[in-house]
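One structure is given here, and the rest of the page talks about it.
What follows draws every value from the coordinates through simple rules; no lab data is involved. As the structure is a computational prediction, the values presented were derived from the model and not from experiment. With ideal geometry, Cβ positions are generated from the backbone for all residues, glycine too; neighbour counts draw on all protein chains shown.
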Number of protein chains: 2
Amino acid sequence: MPMKTLADAFYDELRDIYHAEKQLLEALPKMAKKAGSDELRTAIEEHLAETEMQVQRLENAFTDTGKAARGKKCEGMAGLIEEGSEINGDSDADVVDAVLIAAAQKVEHYEIAAYGTLCTWADLLGYRTAKSELAKNLAEEKAADEKLSALAKNINADAQA
Amino acid sequence: MPMKTLADAFYDELRDIYHAEKQLLEALPKMAKKAGSDELRTAIEEHLAETEMQVQRLENAFTDTGKAARGKKCEGMAGLIEEGSEINGDSDADVVDAVLIAAAQKVEHYEIAAYGTLCTWADLLGYRTAKSELAKNLAEEKAADEKLSALAKNINADAQA
């Protein structure tokens, strides 16, 4: 992919995270089904609702660039989701939950890195609507990561008990 | 992979990051070669030296668990490295640098999430040597991410110029 300008790089990265979020819309319900803890299941379901809104915000960001909202296969997220799906139902339920949280936090960190870059680039490129929408997504991903860290405290202790 | 205990999950995650760091030992020199900015190239080369030390620390962590140091293919990191390798040499040099930083920050965030989980689990499991070694790796990855954010300021502005 030859990229002549920062606007090309921005569009490419936007297409990448758009595909990533759409993959997540399919993966999160499967993760929620595997969760043993009610709190964890609820947290995943809430994040699914947030992700639906995030996809809409990304479509608004595409509009700001004047280019079509089209996904591009995101190898990074595909790999992370593959990791999450390896969790086997034969395992101890508390351990499954601990591993689900670990996988979900990798996903959150992927998104934090991607949205961090996109916000910086949107600023430089003068995409004001895109910047505002992407900053909302970034804040939600950071909050989701912190929520998972808080949930992990009890769940990891149960897994070790 | 059935996991009966948190110790099983810890070992599995340790094997994952061990493979990830070894993949990085091969990928970082290729990224350094693509970098146009001397500062960025130096930063990548310095992180390569850190990564060699991190692999040794992971081997010490394996020793603490009493299990063999064996990697397990890390799909997440494989996907992230695949993303980094897509960067095309025909692109504008400053844009290549901006994209390299974006890819490297995704790698750092993957590692921050993985080491964060491993440190928490090592504490619960009483792996004191492993905890100390993993905490050093975590601190280095966070510092590398901050260094990249600082470098990105000038490089992104050049890419937009």
Part-to-part distance (alpha-carbon centres) for region A:1-59 and region A:61-111, which is given in Å: 8 Å
For A:MET3, distant residues with modelled amide H under 5 Å away: B:ASN88, B:SER91, B:ASP92
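Please state the shape class of chain B: rounded when a/c is under 1.5, otherwise prolate if a/b exceeds b/c and oblate if not, all from the C-alpha gyration tensor. Show your work: numbers first, answer last.
On the way: a/c = 2.56, a/b = 2.15, b/c = 1.19.
The shape class here is prolate.
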Dipole axis of the protein assembly as shown (+1 Lys, Arg; -1 Asp, Glu on Cβ), positive-most option in A:TYR110, A:ALA152, B:TYR127: A:TYR110
Using a 7 Å Cα-to-Cβ projection, B:GLU86 label spacings across copies, nm, ascending: 2.2
Minimum Cβ-to-axis distance in chain A for the rotation onto chain B, with residue, whole Å: A:GLY79, 1
Cα-projected label distance for A:ALA93 with B:THR5, points at 7 Å along beta-carbon direction, nm: 2.1 nm
Chain A: DSSP helices with Cα axial extent of at least 24 Å and average Kyte-Doolittle hydropathy no lower than -1.0: A:6-34, A:38-65, A:93-125, A:128-160
Using a 7 Å Cα-to-Cβ projection, B:LEU25 label spacings across copies, nm, ascending: 4.2
Nearest-0.05 FRET efficiency for B:LYS33 and B:SER149, computed from C-beta distance (R0 22 Å): 0.45
Shortest-first distances to equivalent copies, position A:THR42, nm, label 7 Å out along Cβ: 5.3
Estimated dipole of region B:24-95 in Debye, rounded to 20 [Cβ of Lys and Arg +1, of Asp and Glu -1, Cα centre]: 560 debye
